[in-house]
Amino acid sequence: LVRRAKDTAKLEVDSILATFGMSFVLVGLMVSVHGEYFTYSYLAEPFSILGTTVALNRLVAFLVALLVAAALYIWLNRTEGGTAVRAVSVNPEAAGLVGINVERVSAFAFALGGAVTAVGGTLISTFITLDASIGVLFTMKALIIVIMGGVGDIRGAIIAAAIIGLVETAVATLIDPGLTLAAAYVIFLLVLLFRPQGLFGRRST
C-alpha cells in the first residue's frame, strides 16, 4: 500500500493511514485471541526516595528508558549507521545520491523503532493494566512528544517527554488525574503557538 504512493506528500499520508489501519486490524485479532485486558505485576515492591514512595518497577522502567535514549542518541550522532539514518530521514533522494542504500536503511530504522516500542511496552506492562486499544493513547502521546521536541532531534524528544511526564504527574497529584491528558495537550498547543518548529527544531528557510 505504501509503495503505491505517487509522490512524497502522498507517501507520507499513505504510510500513516496504512499503519493505523493495520494497527486496528491487529487490535481486533488480539482481542479475539487473547481477550481485551491484560494485567501483569513485576518488581512492584515499594521503597522510599526523599520521602516519596516509589514502586521498584517504575524506577527500573525509568532507568532502562534513560539508557535506551542515551544509547540511541550516541548511535544516531556518533556512528556511520546513525548518520545514514538521519540523512535518509532528512532527504532520501540526496542520501541515495551519495551511496546510501535508502531502502535498507529505512527498513532497519523501522525495525529499530519497533524494537524500542517493544521495550517500552514491556516496561509499561509491569505497572499498568493493558487493554487492546491502549496503543492508540501512547501513539498520540508519542506524536505530541516528537512534534514538541522537533522532528528529527532526539534531544528534543527526550526533553519534551520529561516535560509531559512532569506536567501529567503534577496535574494528577495536585488537581485531578482525569485532566492529565488535557494538560499534555495544553502544553503541546502552547509550544506550537510560540515555537511551531518544536523545542529543538529549525525554522524552514
Condition check for Asp176: farther than 29 Å from Gly82 by Cβ and without any contact (Cβ under 8 Å) to a residue 40 or more places away in the chain: yes
Long-range neighbours under 8 Å by Cβ, at least six apart or interchain, first residue free of Cβ contacts under 8 Å to residues at least 24 places away in the same chain within region 48-64, second β-branched (Val, Ile, Thr) and surrounded by 13 or more Cβ atoms within 10 Å (Cβ to Cβ): Ser48/Val54
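Here's the yes/no breakdown for (1) under 30 Å from Ser32 (Cβ atoms); (2) touching an Asp or Glu at 6+ places or on another chain (Cβ under 9 Å):
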{"residue": "Gly113", "(1), (2)": "yes, no"}
{"residue": "Gly135", "(1), (2)": "yes, no"}
{"residue": "Phe138", "(1), (2)": "yes, no"}
{"residue": "Asp153", "(1), (2)": "no, no"}
{"residue": "Ala172", "(1), (2)": "no, no"}
{"residue": "Thr180", "(1), (2)": "no, yes"}
{"residue": "Leu192", "(1), (2)": "no, no"}
Those residues of region 178-201 which are at pLDDT below 85 and either touching a Cys at 6+ places or on another chain (Cβ under 6 Å) or surrounded by fewer than 11 Cβ atoms within 10 Å (Cβ to Cβ) (or both), in sequence order: Gly178
Leu76 vs. criteria modelled with pLDDT of 75 or more and either in contact with a Lys or Arg (Cβ under 8 Å, 6 or more places away or on another chain) or in a loop (DSSP other than H, G, I, E, B) (or both): yes
Failed condition for Ile134, given (1) crowded, with 16+ Cβ neighbours inside 10 Å; (2) in contact with a helix residue (DSSP H, G or I) (Cβ under 7 Å, 6 or more places away or on another chain); (3) without any contact (Cβ under 8 Å) to a residue 12 or more places away in the chain: (2)
Residue in region 158-169 that is touching a helix residue (DSSP H, G or I) at 6+ places or on another chain (Cβ under 7 Å), within 21 Å of Gly81 (Cβ to Cβ) and surrounded by 15 or more Cβ atoms within 10 Å (Cβ to Cβ) present: yes
One residue from Arg86, Arg104, Arg78 being charged (D, E, K, R) and under 17 Å from the mean Cα position of the chain (by Cα): Arg86
Lone unmet requirement of (1) touching a strand residue (DSSP E or B) at 6+ places or on another chain (Cβ under 8 Å); (2) modelled with pLDDT of 90 or more for Ala111: (1)
Matching residues, region 98-137, being aromatic (Phe, Trp, Tyr) and in contact with a Ser or Thr (Cβ under 9 Å, 6 or more places away or on another chain): Phe127
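The values are calculated or read from the model by the stated rules, or taken from the named source; none is laboratory data. Just so it is clear, the model here is predicted, and its values are computed rather than measured. For neighbour counting, all protein chains shown are included, and Cβ atoms are generated from backbone atoms with ideal geometry for every residue, glycine included.
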